[in-house]
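Working notes, beginning with the structure itself.
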Amino acid sequence: MGFRCKSWNDVENKCNRPYEECKPQNKKNEPERKRCNYGEFIYSLGNAPNQKDWGVFWDDGSINVEATAKRCYEKYPKAVPNFRPHAAMKGDVYEWNDYLKTMGEHVDKTYRDLPEDKRTDVNLDRFRYFDEVLDDIITARVRDHGPYL
């Protein structure tokens, strides 16, 4: 996650150039970040008009997924635009359903490979939370496409 292909070959369904990593916009007087925040990531997908006001966060700094999803729908009341999978993740994944499957498999592998010293309750809860969110995304996609299934 956090990588995008800027030159996608639609005929061969693959990236023509190396994937580019989302770069954080580090500010003076703040600790340096190595990864993009949610707004920077959404902006890097290519359809967002700006990098601000996308995420809703809990007091501990973690993202409130439900409130963030609602905010995204409020910003695009007619339809939240889809992004192509290669705009968000390395790998020549072209279909949206393949993207969700690949993302889920990657997170599951990361969980399985987590070293013992990283198996804290907080970290394990994050993986459980990801699985719940992935289930919600699949449910939402089915509802979006229900009339066409």
Which of the residues that make up region 88-102 are surrounded by 17 or more Cβ atoms within 10 Å (Cβ to Cβ) and in a helix (DSSP H, G or I)? TYR99
Lone qualifier among GLU105, GLU21 - being assigned by TED's automatic domain parsing to the domain that holds VAL122 and either exposed (fewer than 14 other Cβ atoms within 10 Å of the Cβ) or farther than 21 Å from ILE138 by Cβ (or both): GLU105
Here the qualifying pairs (Cβ atoms under 6 Å; residues six or more apart or on different chains; first in region 108-130 and closer than 22 Å to ASN64 by Cβ; second β-branched (Val, Ile, Thr) and part of a helix (DSSP H, G or I)) come out as PHE130/VAL107
Could we say that LYS34 is under 18 Å from the mean Cα position of the chain (by Cα), in a loop (DSSP other than H, G, I, E, B) and touching a residue at least 12 places away in the same chain (Cβ under 8 Å) here? no
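The values are calculated or read from the model by the stated rules, or taken from the named source; none is laboratory data. These numbers come from a predicted model, not from an experiment. Positions of Cβ are generated from backbone atoms using ideal geometry, with glycine treated the same way; all protein chains shown enter the neighbour counts.
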